[in-house]
Amino acid sequence: MARARIHIVSPASARDNNGNWQTASRWRRHLARDYRVTIGPGWQPPDDVPDLLIALHARRSAAALAAFTDAHPDRPALLVMTGTDLYRDIHVDAAARASLDRARAVVVLQPRGLDELPQALRPKAHVIYQSAPRLAPARPHMPFDVAMIGHLRAEKDPRTFMDAARLVRTPGVRLLHIGAALDPELGRRARETEQATPAYRWLGALPHMATRRRLRRCHAMVIASRMEGGANVIIEAVTSGVPVLASSISGNVGMLGEDYAGLFAPGDAPALAALIERSVADARFVERLRRQCAARAALFAPAAERARLLDLVDNLLSDERKHPSAQP
């Protein structure tokens, strides 16, 4: 029997090297043993017709999802809520809301994401944590590197990290900022911070594995975002034994746990600076963060993500396996 075909619609490409692309690429690997999987920026007739369409991002993939479900209402479509669509777009954008209705099933990347969905649609929603292979931690020595990883755009709130860098006074702390300046004004701000603050370094965009290797040598990682669906960088830090200092937004709390000790209010640069300095000065505090992160690591194992994804995909395709479509 021929393997079923799955097409993943990703608004990002390998060149973008962002969370959406990492999700699409990783899911292709997870599914490729059992299915024929392709990735593309969209879907429109007369493209090849997959047995299942997986659409990443309710607004940015809305046109592809609409075209597929209109042309092939008998075939399932799976919508993955990746961040800005969950926490902004479905509340203000008609096309994003329509995507929720069109999808046979919806995936959120951490359990707090369920709270954003309309009550009537929650029965078709599933939580699938993302994953990353474990890298053996390399306990840092002086200088103590604290990294923020993410392209420079408003949702990631890089200004808070830059402002915190100006406030940190502990000797031997270096704040590393990895990511491309998608917002030119934020790039200018990063260059100004680098000139004014010797402890701050903006490294620009780095390849994914180079970033992971840099991360595993860090003392801590900062995620200052105003909006996140379920950040890959949190998973990559946790699976490398690197404690996380995170803004207390829903997406981050859903990943790290309600009682996580390394949270600060979004936009609060003094609070972030204080956490960074405490993590260096207070050995008991940083060990508590490491223990809390280690307790979450099993959630982010590749085998766990693959099992949840395959279970959902198998169920979505089960009816078609029993009653194969006559379409080519």
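The values are calculated or read from the model by the stated rules, or taken from the named source; none is laboratory data. Just so you know, these numbers come straight off a predicted model, no measurement behind them. All Cβ positions, glycine included, derive from the backbone under ideal geometry; neighbour counts span all protein chains shown.
Below is a table of values for the structure above.
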item: First in the range 283-301 and farther than 13 Å from SER240 by Cβ and assigned by TED's automatic domain parsing to the domain that holds LEU256, second anywhere and of a type in the set (Ser, Thr, Tyr) and in a helix (DSSP H, G or I), Cβ under 9 Å, 6 or more apart; result: PHE285/SER279; VAL286/SER279; LEU289/SER279
item: Given (1) assigned to a loop (DSSP other than H, G, I, E, B); (2) surrounded by 16 or more Cβ atoms within 10 Å (Cβ to Cβ), index of the condition LEU114 fails; result: (1)
item: Flag for ARG97 being assigned to a helix (DSSP H, G or I) and surrounded by 15 or more Cβ atoms within 10 Å (Cβ to Cβ); result: yes
item: The lone exception for PHE161 - which of (1) free of Cβ contacts under 8 Å to residues at least 40 places away in the same chain; (2) not in a strand (DSSP E or B) it fails; result: (1)
item: Residue match in the range 265-280 (condition: of a type in the set (S, T, N, Q) and free of Cβ contacts under 8 Å to residues at least 40 places away in the same chain); result: no
item: Tabulated pairs, the range 235-247, first touching a residue at least 60 places away in the same chain (Cβ under 8 Å) and at positive phi, second assigned to a loop (DSSP other than H, G, I, E, B) and surrounded by fewer than 24 Cβ atoms within 10 Å (Cβ to Cβ), C-beta under 7 angstrom, 6+ apart or interchain; result: GLY241/PRO137
item: Residue in the range 193-207 that is assigned to a helix (DSSP H, G or I), aliphatic (A, V, I, L, M), more than 22 Å from the chain's Cα centre (by Cα) and more than 30 Å from ARG112 (Cβ to Cβ) present; result: yes
item: Output for the range 19-64, where each listed residue is in contact (Cβ under 8 Å) with a residue 12 or more places away in the chain, in a loop (DSSP other than H, G, I, E, B) and either among the hydrophobic types (A, V, I, L, M, F, W, C) or crowded, with 21+ Cβ neighbours inside 10 Å (or both); result: TRP43, VAL49, PRO50, ASP51, HIS57, ALA58, ARG60, SER61
item: Residue count, the range 233-259 (criterion: touching a helix residue (DSSP H, G or I) at 6+ places or on another chain (Cβ under 7 Å) and under 25 Å from ARG169 (Cβ atoms)); result: 6
item: Flag if LEU121 is within 17 Å of the chain's Cα centre (by Cα) and in a helix (DSSP H, G or I); result: no
item: Boolean, ARG169 is modelled with pLDDT of 90 or more, of a type in the set (Lys, Arg) and farther than 27 Å from ARG15 by Cβ; result: yes
item: Residue ranges of helices (runs of 4 or more DSSP H) in the range 223-286 with at least 1 members in contact with an Asp or Glu (Cβ under 6 Å, 6 or more places away or on another chain) and surrounded by 23 or more Cβ atoms within 10 Å (Cβ to Cβ); result: 250-256
